[in-house]
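Q: This structure is in structure tokens; I'll ask about it shortly.
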């Protein structure tokens, strides 16, 4: 069972807990970096905070960049995951390319009530596959804001299926940060995929936002 131990906002973190403090004898430690991308206001921060802290906050400030750490024991493996929360489609091209080239896995979000956010997600998936075609886990997440002013779902299942086939998406999830539905699934799956096929150890570059 995946039980996250959260550490909010790495760059502001004062906790002295280290991976070695939590690693049992004979356990293997891993560091994975997951980048969460999507249009502005599609629920990226709500998803991450619900997963990391179990909290749902509808009054979040627009994100510029934030990094969260989760330490988890999966079998005999100790996994430290850095989750990068990004600004949205307004990212500069240089920053956007840096995220894609240096992250180990991606969660691309869209709001099921907002077709424009799905269009943005499709463009982001295409760019990820252009730069990192087969060597990186890529998960598509449709965030359901059923309590929004316009609760009608406008992104069809056929559209989602077509884009997943086009961009070789490992998995897609319908989630609700508001109702705590499937919020851990994309992060768990990426960790499992990376444990089976670890990223190259020689890559030492940090993604933007990491100390």
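Q: For an R0 of 45 angstrom, estimate the FRET efficiency from the Cβ-Cβ distance between residue 74 and residue 152 and round to the nearest 0.05.
A: The calculated FRET efficiency here is 0.70.
Q: If you don't mind, another one. Given the peptides 166-175, 187-196, arrange them by the average over their residues of other C-beta atoms within 10 Å, most packed first.
A: Descending mean neighbour count gives 187-196, 166-175.
Q: Another question about this same structure. Fewest first, what order do 97, 176, 117 take by the number of other Cβ atoms within 10 Å?
A: 97, 176, 117
Q: To continue, here is another question. Taking the number of other C-beta atoms within 10 Å as the exposure measure, put 30, 82, 115 in order starting with the fewest.
A: 115, 30, 82
Q: Would you mind ranking 130, 33 by Cβ crowding within 10 Å, fewest neighbours first?
A: If I rank by nearby Cβ atoms, fewest first, I get 130, 33.
Q: Moving on. Between residue 127 and residue 28, take the C-beta separation as r, use R0 = 41 Å, and let me know the FRET efficiency to the nearest 0.05.
A: Taking R0 as 41 Å, the efficiency between residue 127 and residue 28 is 0.80.
Just so you know, all these numbers are worked out from the coordinates, no wet-lab data involved. Given the structure is predicted, the values throughout are model-derived calculations rather than measurements. Cβ sites come from the backbone with ideal geometry, for glycine too, and all protein chains shown count toward neighbours.
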